[in-house]
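Input: a single structure, listed below in structure tokens.
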Amino acid sequence: MYSNLKSILYRKNIAIKQYAEFLGVSEKTAQNKLHGITAFTYPEFKRTCTLLFPEYNADYLFATEEEAVYGCIDI
């Protein structure tokens, strides 16, 4: 799950439906992406980082729950 991204969407009053439209996907697909069920494509990642939230670091935006708890380490 991408908690940071979800939190920022909420703080900026961007509904999942609006985010889905921005990405060009269905609302269910956007929910699946935010929950880590479906992967973000590189263009979706890039658009989110550069057009929607350029003030945030991409690693922060797309940190998963596991990365937030354990840090970004290779196993």
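Element breakdown for the chain at a 1.4 angstrom probe: carbon and sulfur atoms account for 54% of the accessible area.
Note on the chain: Cα-Cα pairs beyond 21 Å make up 20% of the total pair count. Working note: Cα atoms of the range 1-44, range along each principal axis, descending, whole Å: 23, 20, 18.
The values are calculated or read from the model by the stated rules, or taken from the named source; none is laboratory data. Here the structure is a predicted model, which means the values were calculated and not measured. Only protein heavy atoms, including side chains, enter the accessible area calculation; ligands, DNA and RNA are left aside. Shrake-Rupley method; radii C 1.70, N 1.55, O 1.52, S 1.80 Å.
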